[in-house]
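Enquirer: Have a look at the structure that comes next, please.
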2 protein chains.
Amino acid sequence: LMIPNMYKIAAEQLPCVFHVSARTVSTHALNIFGDHSDVMGVRSTGFAMLASSSPQEVMDLGAVAHLSTIKGRVPFINFFDGFRTSHEVDKIDVIEYDEIKPLVDFKKVDEFRARALNPEHPHQQGTAQNPDIYFQNREASNKYYDAVPAIVQAEMDKVSALTGRKYNLVDYYGAPDADRVIVIMGSGAEAVEETVDYLNARGHKVGLLKVRLYRPFPQDAFVKAIPETVKTITVMDRTKEPGAQGEPLYLDVVSALNEAGVKKEVLCGRYGLGSKEFNPSMVNAIYENMSGEKKDRFTVGINDDVTFHSLNVTEKIDASDASAISCKFYGLGSDGTVGANKNSIKIIGDHTDKYAQAYFAYDSKKSGGITISHLRFSDKPIRSTYLIDQADFVACHNESYVLRYDMLSDLKDGGTFLLNSQWEPEEMDAKLPAAMKNMIAKKHVKFYTLDGLKVIQEIGTKKGVNTVMQAAFFKLANVIPYEDAERYMKEMIKKSYGKKGDAVVAMNNACVDNAIAHLKEVKYPQSWETTTTGAAPLPVPNDEYFKNFIAPITAQEGDKLPVSAFTPNGYVPTGTTKFEKRGIAVSVPMWDKDKCIQCNRCALVCPHATIRPTLATAEELADKPATFETKPAIGVKGYEFRMQVSPFDCTGCSNCVAVCPAKEKALTMVPLDEAIAKEEENWDYAANLKETTAELKSVNVKNSQFKKPLFEFSG
Amino acid sequence: LMIPNMYKIAAEQLPCVFHVSARTVSTHALNIFGDHSDVMGVRSTGFAMLASSSPQEVMDLGAVAHLSTIKGRVPFINFFDGFRTSHEVDKIDVIEYDEIKPLVDFKKVDEFRARALNPEHPHQQGTAQNPDIYFQNREASNKYYDAVPAIVQAEMDKVSALTGRKYNLVDYYGAPDADRVIVIMGSGAEAVEETVDYLNARGHKVGLLKVRLYRPFPQDAFVKAIPETVKTITVMDRTKEPGAQGEPLYLDVVSALNEAGVKKEVLCGRYGLGSKEFNPSMVNAIYENMSGEKKDRFTVGINDDVTFHSLNVTEKIDASDASAISCKFYGLGSDGTVGANKNSIKIIGDHTDKYAQAYFAYDSKKSGGITISHLRFSDKPIRSTYLIDQADFVACHNESYVLRYDMLSDLKDGGTFLLNSQWEPEEMDAKLPAAMKNMIAKKHVKFYTLDGLKVIQEIGTKKGVNTVMQAAFFKLANVIPYEDAERYMKEMIKKSYGKKGDAVVAMNNACVDNAIAHLKEVKYPQSWETTTTGAAPLPVPNDEYFKNFIAPITAQEGDKLPVSAFTPNGYVPTGTTKFEKRGIAVSVPMWDKDKCIQCNRCALVCPHATIRPTLATAEELADKPATFETKPAIGVKGYEFRMQVSPFDCTGCSNCVAVCPAKEKALTMVPLDEAIAKEEENWDYAANLKETTAELKSVNVKNSQFKKPLFEFSG
Ligand code: SF4
Ligand code: SF4
Ligand code: SF4
Ligand code: SF4
């Protein structure tokens, strides 16, 4: 909705900066995550555009954007990757306002103010112009755009002088005699940079061109930044414009080289749409493509088994620097895992010279879904702008996950696995599924368990499992000496809970101390490597769509689904949430057939369609379960009536009870367990009875409830 | 506001066609006219895009778009130039619905209907997708885009079979062995086509590539369409994206050539922003540039004296076909000139084999402004998509224009000029300005005059001047034999006025007959060629801005203003309408000092600030005009008060009279002439008195009116 205004802001030369956490424009589906489709969609507006690759650059180039717009009158977009950069927790060097102030061109600020609409010296803008003069006036702004690159470079130099961090319009990184380079903008550049180091250390000669000023496109600076030795260039765009001759950055690069008379082979690829991962293994595949197959207009990060544009990522590489420690934490939404991790980052970031980075991947369900925290600690600035796929340490805060998720594929050989569970080490053989035991043994995992609940119960507190797990993390991951960590944790506790009194502080301190006491290493036999016994994995409902599509996604394996698994227009079947048996209600309604007047209002009012009326003949009910009680249906001769609740799907809102108009309510809320025991079998039975609607005489609201609902159990 | 929806429409594969009369996106100023900035602004959305160059193509390619979207699921934009094509009146061959029907793929229509949301077989679309699966799904649409070019070509072939008019994804026109070609979309292609014929007939070898399918860009078809002999290509874009590495079509062309490994020199230019003219003389300059200076990133059609990107258009060429007759009519908004011309077009279009084209250029003021009608008649289809600058016939329907506009520069040598005036031929020497007389004699103009008002007055009717002028046009321009024209005009009169009775028909017929009788040729001496005497041109107010900027624009010479005449951000001074003394009121208020209670409400309520209170000391008023009556000012000692109207600027709305709270109204409306005679001098005198506000004790609504208003006389 801003787009028409952006044309006007630019043309009216109103200095301003839009800091844009670039996100995906909705297409076949809504995706709230990141790519460059939104900013690329406004590249026609006349805004200047700067691309930042990391939180530090957002700070630094943000300052450059503000300084430049004041100087040059052209408005700026300073964009960076939504979520990957905007939601990354990172240790950065902050530029203070009073450091920036001397750099501001206040003369230009005054000029701008003098140009503002003001009744003391009025003028008009935004008049209507006819064909006779519009074009000439439009060309009058050329010189301001021509001036932007030099202005931006000058401001970059000033900010560099302040911070020591050097930026250019286009920055080259890599071998001075590279034969292959990647051109890229945004957070992906950091992952490429890591990979460049990795590959050059292994005898390759590769490089990277980071385009920082994208509009006005700095043709000269771009061409100059390319080493002469380069033979092949691959331009990576994080957007898709269906039907375009090429994605935007690619078209610019080709044109820039052509105008400069520089002949190089140029390939192009798409990556990272909707925050799809982009990691060194994929970058490696891009460099391999340049010296091998030379696939053009490719995609990377997915398996395109329909139009076959995707690159194969054959090798999994670890390009992060040697001093880095990578830790992954599996938690349940709102269980406090994320908060504890933010706390750990702060402790290490504030008290040591180490750099720290955290990124939190959430399920789209707000609470009750899985959270995976990705934490890195390093002696050097961290350029790993991707999820951890080579972890030193993995913690699982929820024992039920062992049956649901593959948490160990991304653990390094010899890494540490910490499981919060009530199980004793000797129970693990029975409690873990075979696949997990195989992985533990094969990877020589150091396996620890800790009963967080027991620790806090012994102390006599209700909260604190996360403090327990945090202490265990510091003990095992060894990012900093444990004695230091213990001291910092306790200082933090004092700061957080000091006001609540010494008892609370003591209890929290006890959590830390007792955690270490309760930590148990699980010694496992090497035979786990090949065992086929263990806990049974969760059963999967017998539905093709669910098995092939929903199940992989809920198991956090959606990345592996190939293009052919999808309908292009985003078409999906309805009613699939019925397969997610969640059991989230505390209590659910129980039906009393004697009190019920068969009005169906409970079914109508239920927002989740989890209470349904049933009609069936005595004949059809011959094989009914013992507790499947019915009464003669009112108005439908020869049929029996029953109101059936699905205890696993009901959310426990009790709307149905509230609406029930029977003299004495025919529904009462009972505990979930009790209802499951009695009603689960009945629900399955009712769901399989054939639908009886043909016999109903009139189409009315009551009778509508006998039809199968179109949406079941959403939410 | 549609833009986000367009991404979704495309990605959800909803077949549809947007027929877009492409217009200018507002930037430094609003421009309601045409260029491609709006459609280029949505090229990222995933819509397919077809470009039509003429009203006939809008019809033909419109059908292609509809047929293709049904077949291929990809939505289409069929765009054509706003105003130039959308507002052109043209004789075209209409395709009827029953001719198109057999071409429609109804199986695909049914498939589309089956995909629609429907409660009988429900499905979901537009779900939320996370990073794990979004990218894969986005790539699932590739094959539909890959299929579009072949689908469009197939549908073009079908429509061709129906109409005999052949279209390709990219059409080449010109010499098979051309050395220079222009790539262009939209109405400009027609002007280029004319120029190609003109130049090739004169020994050049030039050509034209019309891109018809712009998205998905048909790379193969494009490259194949270029003759091998071509050395230099110029891509013309009708949009400006400040800061872009190049305009959109140019970037696509460079990339297409690069990928195909075709090495050609590629230049680029911008033209026609905001409906700026684009005519064969400019096209000629583009071809000349390719064999001469080879200026790149140029503009054409303007004089860029700031950044010097514009091409010089040195030669004025006439590339229209030899059988064409071009006629220009100068009228006053709502005086009926445009209607009469539409009528003439219809007569010739319907009754003869001739092709006819009309384009009406309006002033931005809705009525009361100048209208210039451009009519062409030809034995061949008319490709002249530009205003007439080489007219065979010019008619001026308003005698006052001889002092305001240069109407004869665009008349051919030996052309005909018809002036509606009350002047006898022998008066012309005194009534016409010297410059006009010079032009008439130099160009050997056949000069006729006709007193339209006198003709209708003699007949005794109030309307009909346009019928008179129309008859004279048919007589003089000789597009068809006059007897035929007379018959057709009278048939039309019968059809239009038959219901109103024979008397009305007879009167109108008399207009036709008497017109010819009253038509007088003006014989002028050859000495007019160098005469320096004649009517004085209108005086121009002594204001720099008005003289240099507004005056050329109101004289229809705005095209000649160079870039340096403009502030880039569209900044203009206020209060300049005060220089346009219009005198449009029928009656204006006259002030009665004895009744006035000095409340200033009349000044406050006047929407045009044309009634202002005056405060001045007796001393200051020493030299006042005789009728400049005043009375002692209430509340400001030593000052005299007067309420002054500007009769030329007042619109006659009488709001001031209505609001006047004096016991007996102190204002009465009097005829304009009377007020001008008395008050014009007074207004000028009052306007030059110094502003008296310092002496006012309080800031209130009444006193605010003593300040000079910020906006004067708008509207
Ligand atoms: S408690 Fe709420 S969700 Fe459960 S059956 Fe009743 S209305 Fe439905
Ligand atoms: S609302 Fe109460 S009375 Fe009505 S059908 Fe449901 S349980 Fe029976
Ligand atoms: S008649 Fe209307 S325009 Fe004229 S002075 Fe009065 S209020 Fe103003
Ligand atoms: S509104 Fe009437 S009384 Fe008031 S200032 Fe005007 S003319 Fe005088």
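Enquirer: Could you go through segment A:186-194 and let me know if any residue there is open to solvent by 10 Å² or more (accessible area, probe 1.4 Å) and either more than 12 Å from chain B (Cβ to nearest Cβ) or not in a loop (DSSP other than H, G, I, E, B) (or both).
Expert: For segment A:186-194, residues open to solvent by 10 Å² or more (accessible area, probe 1.4 Å) and either more than 12 Å from chain B (Cβ to nearest Cβ) or not in a loop (DSSP other than H, G, I, E, B) (or both): present.
Enquirer: Further, regarding this structure: Which ones in segment B:211-224 are open to solvent by 20 Å² or more (accessible area, probe 1.4 Å) and more than 13 Å from chain A (Cβ to nearest Cβ)?
Expert: The answer is B:K224, and nothing else.
Enquirer: Continuing with the same structure: Please work out if A:T45 is more than 24 Å from the chain's Cα centre (by Cα) and surrounded by 23 or more Cβ atoms within 10 Å (Cβ to Cβ).
Expert: Spelling it out, A:T45 is indeed more than 24 Å from the chain's Cα centre (by Cα) and surrounded by 23 or more Cβ atoms within 10 Å (Cβ to Cβ).
Enquirer: I'd like the full set of residues that are in contact with a helix residue (DSSP H, G or I) (Cβ under 7 Å, 6 or more places away or on another chain) and of a type in the set (F, W, Y), limited to segment A:168-216.
Expert: Correct list: A:Y172, A:Y173, A:Y198.
Enquirer: Can I ask one more? Among B:A435, B:A391, B:A358, which is the only one that is in contact (Cβ under 8 Å) with a residue 24 or more places away in the chain and open to solvent by 10 Å² or more (accessible area, probe 1.4 Å)?
Expert: B:A435
Enquirer: Now for a separate question. Could you please find all residues in segment B:598-630 being more than 10 Å from ligand 4 (Cβ to nearest atom), open to solvent by less than 50 Å² (accessible area, probe 1.4 Å) and not small (G, A, S)?
Expert: B:H608, B:T610, B:R612, B:T614, B:L615, B:T617, B:L621, B:P625, B:F628, B:T630
Enquirer: Any idea which residue in segment A:523-552 is nearest to the other protein chains (Cβ to nearest Cβ), counting only those that are of a type in the set (A, V, I, L, M, F, W, C) and open to solvent by less than 40 Å² (accessible area, probe 1.4 Å)? Break it down into steps so the answer makes sense when it comes.
Expert: Of all residues in segment A:523-552, those of a type in the set (A, V, I, L, M, F, W, C) come to A:528, A:535-536, A:538, A:540, A:546, A:549-551.
Narrowing further to those that are open to solvent by less than 40 Å² (accessible area, probe 1.4 Å): A:528, A:535, A:546, A:549-551.
Details: A:W528: 29, A:A535: 26, A:F546: 14, A:F549: 9, A:I550: 11, A:A551: 13 Å.
Top of the filtered list is A:F549.
Enquirer: Based on what the data block shows, is B:M669 in contact (Cβ under 8 Å) with a residue 40 or more places away in the chain, in contact with a Ser or Thr (Cβ under 6 Å, 6 or more places away or on another chain), more than 16 Å from ligand 1 (Cβ to nearest atom) and not assigned by TED's automatic domain parsing to the domain that holds B:R404?
Expert: It is true that B:M669 is in contact (Cβ under 8 Å) with a residue 40 or more places away in the chain, in contact with a Ser or Thr (Cβ under 6 Å, 6 or more places away or on another chain), more than 16 Å from ligand 1 (Cβ to nearest atom) and not assigned by TED's automatic domain parsing to the domain that holds B:R404.
Enquirer: Please find, among B:T239, B:T234, B:T229, the residue that is over 30 Å from B:A63 (Cβ atoms) and either at the interface with chain A (Cβ under 10 Å from one of its Cβ atoms) or surrounded by fewer than 22 Cβ atoms within 10 Å (Cβ to Cβ) (or both).
Expert: B:T229
Enquirer: For residues in segment B:598-616 being in contact with a Phe, Trp or Tyr (Cβ under 6 Å, 6 or more places away or on another chain) and over 22 Å from B:A585 (Cα atoms), which is nearest to ligand 3 (Cβ to nearest atom)?
Expert: B:Q598
Enquirer: Mind checking whether some residue in segment A:640-661 is over 41 Å from the mean Cα position of the chain (by Cα), under 26 Å from A:V699 (Cα atoms) and open to solvent by 50 Å² or more (accessible area, probe 1.4 Å)?
Expert: Yes, segment A:640-661 has at least one match.
Enquirer: Go through segment A:82-148 and tell me which helices (runs of 4 or more DSSP H), entirely inside it, have 2 or more residues that are farther than 30 Å from A:P381 by Cβ and facing chain B (nearest Cβ under 10 Å).
Expert: A:134-139
Enquirer: Now for a different question. Here is a list: B:A585, B:A609, B:A622, B:A626. Which entry is more than 16 Å from ligand 2 (Cβ to nearest atom), hydrophobic (A, V, I, L, M, F, W, C) and not in a loop (DSSP other than H, G, I, E, B)?
Expert: B:A622
Enquirer: Among (1) open to solvent by 80 Å² or more (accessible area, probe 1.4 Å); (2) of a type in the set (A, V, I, L, M); (3) more than 16 Å from ligand 4 (Cβ to nearest atom), which single condition is B:V701 missing?
Expert: Exception for B:V701: condition (3).
Enquirer: Still on this model: Check A:M428 against each of (1) crowded, with 19+ Cβ neighbours inside 10 Å; (2) in contact with a Leu (Cβ under 8 Å, 6 or more places away or on another chain); (3) more than 29 Å from B:I133 (Cα to Cα) and name the one condition it does not meet.
Expert: (2)
Enquirer: Tell me, which helices (runs of 4 or more DSSP H) wholly within segment B:474-572 include 1 or more residues that are over 30 Å from B:H28 (Cβ atoms)?
Expert: Once the helices (runs of 4 or more DSSP H) in segment B:474-572 are filtered for at least 1 residues that are over 30 Å from B:H28 (Cβ atoms), what remains is B:482-497, B:502-518.
Enquirer: On to the next question. Among the candidates B:G452, B:G464, B:G415, B:G498, single out the residue that is in contact with a Cys (Cβ under 6 Å, 6 or more places away or on another chain) and among the small types (G, A, S).
Expert: B:G464
Enquirer: Here is a check on your reading of the model: is A:R642 within 13 Å of ligand 2 (Cβ to nearest atom), among the basic types (K, R), out of contact with any strand residue (DSSP E or B) (no Cβ under 9 Å at 6 or more places or on another chain) and more than 14 Å from every other protein chain (Cβ to nearest Cβ)?
Expert: So A:R642 does not fit the description; no.
Enquirer: Here's something else I'd like to know. Can you tell me which residue in segment B:1-31 is surrounded by the most Cβ atoms within 10 Å (Cβ to Cβ), limited to those that are free of Cβ contacts under 8 Å to residues at least 24 places away in the same chain and facing another protein chain (nearest Cβ under 7 Å)?
Expert: Looking at residues that are free of Cβ contacts under 8 Å to residues at least 24 places away in the same chain and facing another protein chain (nearest Cβ under 7 Å), I get B:V25.
Enquirer: For segment A:629-643, name all the residues that are charged (D, E, K, R) and either assigned to a strand (DSSP E or B) or touching a Phe, Trp or Tyr at 6+ places or on another chain (Cβ under 9 Å) (or both).
Expert: A:E629, A:K631, A:E640, A:R642, listed by residue number.
Enquirer: Inside segment A:263-309, can you point out the residues that are over 19 Å from A:A191 (Cα atoms), β-branched (V, I, T) and more than 12 Å from chain B (Cβ to nearest Cβ)?
Expert: None - no residue of segment A:263-309 is over 19 Å from A:A191 (Cα atoms), β-branched (V, I, T) and more than 12 Å from chain B (Cβ to nearest Cβ), so the list stays empty.
Enquirer: Output the number of residues of segment B:444-462 satisfying the condition of being part of a loop (DSSP other than H, G, I, E, B) and surrounded by fewer than 18 Cβ atoms within 10 Å (Cβ to Cβ).
Expert: Final tally of qualifying residues: 4.
Enquirer: So, one more: Based on what the data block shows, is A:P55 surrounded by fewer than 24 Cβ atoms within 10 Å (Cβ to Cβ), closer than 24 Å to A:N168 by Cβ, more than 8 Å from chain B (Cβ to nearest Cβ) and free of Cβ contacts under 8 Å to residues at least 60 places away in the same chain?
Expert: Values: surrounded by fewer than 24 Cβ atoms within 10 Å (Cβ to Cβ): yes; closer than 24 Å to A:N168 by Cβ: yes; more than 8 Å from chain B (Cβ to nearest Cβ): yes; free of Cβ contacts under 8 Å to residues at least 60 places away in the same chain: yes.
Yes: the conditions hold for A:P55.
Enquirer: Further question: Out of (1) surrounded by 14 or more Cβ atoms within 10 Å (Cβ to Cβ); (2) free of Cβ contacts under 8 Å to residues at least 40 places away in the same chain; (3) part of a helix (DSSP H, G or I), the odd one out for B:V159 is which?
Expert: Result: B:V159 passes all but (2).
Enquirer: Can you name the residue in segment A:326-351 that is of a type in the set (A, V, I, L, M) and under 23 Å from A:I370 (Cα atoms) and is also surrounded by the fewest Cβ atoms within 10 Å (Cβ to Cβ) among such residues?
Expert: Among those residues, the one meeting the criterion is A:L332.
The values are calculated or read from the model by the stated rules, or taken from the named source; none is laboratory data. Because the structure is predicted, anything quoted here is derived from the model rather than measured. Backbone-built Cβ (ideal geometry, glycine too); neighbour counts: all protein chains shown. Areas reflect the complete protein model, heavy atoms only, side chains present, ligands, DNA and RNA absent. Shrake-Rupley method; radii C 1.70, N 1.55, O 1.52, S 1.80 Å.
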